[in-house]
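What follows is a single structure, written as structure tokens, with notes after it.
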Amino acid sequence: LHRLIRRQRQMCIRDSASIEIASHGVGVYLIEREDKLGGGAPDEAVSDLIGEVESNALIEVMTSTEIDQIDGFVGNFTARVGDSTLEFGAIVIATGASPFDPAGRYGHGSDSKVITQAELDPGIDAKAVAMIQCDSSMVASIEMVANALEIRNNNPQTEVFVLCEDVKTYGIYEKLYRDARASGVIFLRYEPDNPPVYEDGIVSVFDTMLGDEVQIKPDLVVLGVGVEVGDRMEVIND
């Protein structure tokens, strides 16, 4: 389920890009290898976005489809898609991704209290959880905030601290951030050159909003490590 949710968020970014491009009067081919958009799990935000994509006359959705080969140059590309040839001027690539392995960071791999967002069960029973943002991408931010909110919804007694450089939850995901704050998730911001420290079970961070150091003794430290790009780039490189 966790992988499915992550895939949905990645697809939302892709589909939002399609809508943005179409809003400028530019036609879009949206290629999806699955048999439908959305990843198959119920999600109100995803469903609304899919409806907007599918109702847009400038976006041609092609499901159960993969690009076999791309040729050409900027402004004049062609792609072989099954028995069809598409012509277009620019490419937005959604390659898919897998979680980055943070072995050694903050004791991950040696300290059982340190896990990644992908390894997290949001139904955990804990008094305090510290989430450390190690990757500031939009996908990582969305996953981090969504998990923080889910933990609070499942167990309002759990204190959740999100330690971040910057939270990138734009567009339809801005509400996710607001809901997380309203639920009691505490966001602490740090400078890139002064990241949090985790020693002897204590997470220490200099919060730029408070202008002071904050120390947390969490039951669990969850790393937001981002993702590594998937393997579909060979279609372009070939």
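The values are calculated or read from the model by the stated rules, or taken from the named source; none is laboratory data. On a predicted model such as this, the values are computed, not experimentally measured, just so you know. Cβ: placed from backbone, ideal geometry, glycine included. Neighbour counts: every protein chain shown. Quick note on the areas: whole protein, heavy atoms, side chains included, nothing else; ligands and nucleic acids left out. Shrake-Rupley method; radii C 1.70, N 1.55, O 1.52, S 1.80 Å.
Structure notes:
- Rough spin-label spacing in nm, given labels placed 7 Å along Cα→Cβ, for Tyr170 and Phe77: 1.9
- The 1.4 Å probe gives accessible areas that order Phe73, Phe206, Phe88, largest first, as Phe73, Phe206, Phe88.
- Ligands, DNA and RNA excluded, the heavy atoms of Lys175 present near 110 Å² of accessible surface to a 1.4 Å solvent probe.
- Rolled with a 1.4 Å probe across the full set of protein chains, the surface gives Tyr106 an accessible area near 50 Å².
- Residues with amide H under 5 Å from that of Met131, placed H, sequence gap 5 or more: Phe161, Val162, Leu163, Val222
- Measuring only protein heavy atoms, the 1.4 Å probe finds Asp35 accessible over about 110 Å².
- The listed residues Val214, Val26, once ranked by accessible area (1.4 Å probe) with the largest placed first, stand as Val26, Val214.
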